[in-house]
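The values are calculated or read from the model by the stated rules, or taken from the named source; none is laboratory data. Small disclaimer: the values here were computed from a predicted structure and weren't measured. Neighbour counts run over all protein chains shown; Cβ positions are idealised from the backbone, glycine included. The area values use the complete protein model at the heavy-atom level, side chains included, leaving out ligands, DNA and RNA. Shrake-Rupley method; radii C 1.70, N 1.55, O 1.52, S 1.80 Å.
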Amino acid sequence: MGGRGVEWQHWRRGVFGDPYLVWHDGPDFTWLLTVAGDEPEVVARMLGAGIAERDPLAAQSIATLAGDGLAPPDAEALLRAALPGASGTFKVRVAQALHVLTGDEAWAEPVVSVLADGAHWGDRIDAAMALAGFAPTPGLVDALAAAVRERHYLVRYHAANTLLRYAGRRPDISDHPTLFGLICSGNDDPEPDTEVGEQRAEAARRLSAAALSRQSVDPDRS
């Protein structure tokens, strides 16, 4: 880690607090918004350093600032330059920030690529959750339905929640007993048997139908 990286880590801790708590509890952007109003040049420089370090929190910070009209002037160019070499959760956060900055729904595509091919299940969870912020399309529904059929339970869970949100339903799959039972099938078994695979596929089918019909289908009864 070079000098800018050390500076970013020091500034990050001062603005957001202990890195473990930021990871565990999620970031609180209150102080960032205050600092951005008082010292916009410092914030721009530090977030640039954070993006150079490929820190997802730097990209999340830009998205938050953009939502309040406080994004650094070069934020879009900075994020666009970072995206080609990005991966995992960092790629997800960069795409989310570009979505907020530009309003272009096409920025869902990098998120979908992580959902489909992310090297770690944690990255795929972040992608599944992030897609809730994009406008539903048949392509996004298909990508999330595929995630509902995948090995890792938590990826299935969060993909299902995003599909429920698309459908205008309560976005916690555990509130839908039949679907929840199908989602839980096999837990994280790396080689599910045919019955488990069929149960996950059925959950994906019901959720897809509800998302595409936008509220006219109850996925727990279809």
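Numbers below:
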{"read-out": "Total formal charge among the other residues, if their Cβ is under 15 angstrom from that of Q60, Lys/Arg +1 and Asp/Glu -1", "value": "-3"}
{"read-out": "Label assignment, Rg/Rh (Cα atoms, Kirkwood Rh) derived from the structure, set (i) 1.27; (ii) 1.03; (iii) 1.12", "value": "(ii)"}
{"read-out": "Inter-part distance where the range 23-88 and the range 122-147 are each reduced to a Cα centre, Å", "value": "23 Å"}
{"read-out": "Charge sum, other residues only, whose C-beta stays under 12 Å from V100's C-beta, Lys/Arg counted +1 and Asp/Glu -1", "value": "-3"}
{"read-out": "Choice from G85, G48, G103 showing the highest fluctuation, given a GNM over the chain with Cα pairs closer than 10 Å", "value": "G85"}
{"read-out": "Summed side-chain charge close to P192 - residues other than P192 whose Cβ falls under 15 Å, Lys, Arg +1, Asp, Glu -1", "value": "-4"}
{"read-out": "Expected 222 nm ellipticity per residue - DSSP helices of 4 or more, -39500 (n - 2.57), all of the chain, to 500", "value": "-21000 deg cm²/dmol"}
{"read-out": "Per-q log10 I(q)/I(0), the range 1-85, q = 0.13, 0.14, 0.19, 0.22 Å⁻¹ (Debye; single scatterer per alpha-carbon; no solvent)", "value": "-0.36, -0.43, -0.81, -1.10"}
{"read-out": "Accessible area of the range 37-150 divided out per residue, in Å², using a probe of 1.4 angstrom", "value": "42 Å²"}
{"read-out": "Solvent exposure, largest accessible area first (probe 1.4 Å, DNA, RNA and ligands not counted), of S174, S185, S87", "value": "S87, S174, S185"}
{"read-out": "Cα-only Debye scattering, the range 99-155: base-10 log of I(q)/I(0) at q = 0.13, 0.25, 0.30 Å⁻¹", "value": "-0.29, -0.99, -1.32"}
{"read-out": "Listed peptides 159-165, 176-182, 39-45 by packing density, highest first (mean Cβ within 10 Å)", "value": "159-165, 176-182, 39-45"}
{"read-out": "With Cα atoms, 0 to 90° folded angle of helix 108-117 axis to the chain main axis", "value": "60 degrees"}
{"read-out": "Rounded if a/c under 1.5, otherwise prolate or oblate - the range 97-222, Cα gyration tensor axes", "value": "oblate"}
{"read-out": "Accessible-area composition of the chain, carbon plus sulfur, in percent [1.4 Å probe]", "value": "52 percent"}
